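Notes follow once the structure below has been shown.
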Amino acid sequence: MGEHVVAAASELQEGDRLVAELAGREVAVFRFDGELYAYLNWCAHQGGPVCEGALTGTYEATYDREANEVSLSWNREGEVLMCPWHGWEYDLPSGECLSQRSTRLPSYPVEERNGDVVVTL
Amino acid sequence: MSTQTNRSPLTENTVVDVDVHLRIPLDDLAEYCDEPYRSTIKHPTYTAVNRSGWDRYMGGNIQKESLPDADTLYEKVCDGFDIDYPLINAFPVLASVPEDDRAVHMMRAYNDYLLDNYLDEYDEFRGLLSVATQDPEAAAEEIERMSSEEKIEGVYVLNSGAHLPLGHPDFDVMYRAAADHDLHIAFHASAGAPFARDFPIQDNAINRFMTTHVLAHPWAHMLTMTSLLVNGTPEKFPDLNFTFLEAGLSWVPYMLFRLNKEYGMRRREAPLLEKSPEEYIREQFYFASQPMGEPNDPQHLKDIIDIVGTDSLLLATDYPHWDFDHPDALDRHLRQFYPEETREGVLADNAVEAFDLSL
């Protein structure tokens, strides 16, 4: 519990991530689009190491009833965290699971303070 | 593999995993083959497991694991998942081998490879010998040949793409050999090319892997189960057990009750049966947990398990395949809903009974 320095801020550049063991838990910190995010490295599905998965995009589709057309598009490139065990998808900025909207990755407060990246459990 | 601390309540239990797979490179298998097969299988125009080009690994973003040697298997399955006794199969897709004689030769090579490279390496390892369904007589001979191997505990039958439905009387010679040697049967279904053999019209019309993968395993098992019962196979071999791998449980209640209904109306078309299909299934059939169904309400999974019966349920991970289940996916339900004695049965004792394992 408490505050944990996980890295010097300079070691975590835009697009980087790290996984640290904090008080017996694996916590991942991402710097993405200028913001820091800290999530438990534990997929809600079967406990896979989700935060070590690919950052990818995903397909989204809409149906236009009037035109009777489905439009399919590949979106959110780099924003979708995919568990390497079974492919469960999460939105990186919110931690929301794309297939189970009520499920989120457990998150922790994280900030840059005096040149350090600090996670609070 | 993630290593959150204090996470496995399985450490204190004996655990048998009835579905652990190898992926043996053809060049390695060739060393166990004689000519001309040795040269033939080094220059295949198919792959050992024909994946039919599907995007099975989601563009490479989900793991394609393998267990290339006994030490890796022990580390990943026994240490990583707290499995005490993995029941290992070589996972050959012999139904996709076009020449029957080559399939039969490869069958023997796969079994020798499994023994030499895995089963002989760790006391805890157990194995299923594989058979080629192209030639039931050769399958029976292979069961005879392997029957003296104490680490071989059963017969692995790929029932997707089998050359006849598996209750056909041509297979009785295979089942008789298995029963004579106390080697029980495990049917394993498969997506991809074997699915296309059984269901070519549907396969041609499907254009997402999810569709074929949802349907491939239960469809194959439904065909096998129906064929076994209509032909009276469990009545012919009352001491033989039949385990169904890789389709979970949720397909079973429908079959129990539909087969009962049809048998009541059309008994003369299954005249060998002396009791209801449900009774044969409860007494001689077993079902592996993977892939665990994921109902929105966990209570519904308990309802399914209760209908199938906890005595008929076996733990399986299907590791290292992409859709494996961590053992806790089943065990957390067992801990939540069942007494410890029932849990111990599912984790080990039922598998001991299904395969007459000597642990």
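Just a few scattered comments:
- Its DSSP H runs of at least 4 residues, each contributing -39,500 (n - 2.57), put the calculated 222 nm mean residue ellipticity of the protein assembly as shown at -8500 deg cm²/dmol, to the nearest 500.
- Put simply, the convex hull of the Cα atoms in the protein assembly as shown casts, on average, a shadow of 26.3 nm².
- GNM result for chain B, Cα springs below 10 Å: residue of B:Val97, B:Val18, B:Val173 fluctuating most strongly: B:Val173
- Evaluated at q = 0.06, 0.09, 0.11 Å⁻¹: base-10 log I(q)/I(0), Debye formula over Cα of chain B: -0.20, -0.47, -0.72
- In straight-distance terms, cross-link reach from B:Lys64 covers every one of the lysines whose alpha-carbon lies under 30 Å from its own, apart from those fewer than eight places away in the same chain; here that gives B:Lys42, B:Lys76, B:Lys151.
- Using θ = phi - 60° and Karplus 6.51 cos²θ - 1.76 cosθ + 1.60, couplings along the stretch B:84-90 (whole Hz; Gly, Pro as x): 7, 10, x, 9, 9, 10, 7
- Each 5 Å bin from zero holds the following percent of Cα-Cα pairs in the stretch A:3-120: 2, 11, 20, 21, 17, 12, 7, 4, 3, 2, 1, 0.
- Point-to-point label distance, B:Asp303-B:Trp54, nm (Cα→Cβ direction, 7 Å offset): 2.9 nm
- Net charge dipole, the stretch A:3-120: roughly 380 debye, given to the nearest 20, about the Cα centre with Cβ charges of +1 for Lys and Arg and -1 for Asp and Glu.
- Nearby lysines by direct alpha-carbon distance to B:Lys261 (threshold 26 angstrom, same-chain neighbours under 8 apart not counted): B:Lys236, B:Lys275, B:Lys302
- Were the residues from B:Arg332 through B:Glu278 laid out at 0.36 nm apart, the gain over their Cα-Cα distance would be 16.6 nm.
- Restricting the calculation to alpha carbons of the stretch B:159-299 gives Rg and Dmax of 15.5, 45 angstrom.
- Contour minus Cα-Cα distance for B:Asn207 and B:Lys42 (0.36 nm per residue): 56.3 nm
- Rounded Å value of the spacing that divides the Cα centres of the stretch B:258-333 and the stretch B:112-186: 22 Å
- Think of each Lys and Arg Cβ as +1 and each Asp and Glu Cβ as -1; about the Cα centre, that makes the dipole of chain B roughly 1660 debye.
- Calculated FRET efficiency for the pair B:Ser148/A:Tyr63, C-beta based, R₀ 56 Å, to 0.05: 0.35
- DSSP-loop GluC sites (Glu not before Pro) across the stretch A:21-75, with at most 10 other Cβ within 10 angstrom: A:Glu66
A short reminder: the numbers here are calculations on the coordinates, not readings from a lab. The shown structure was predicted, so the numbers you read here are calculated from the model rather than taken from an experiment. No Cβ is skipped: glycine too gets one built from the backbone with ideal geometry, and neighbour counts run over all protein chains shown.
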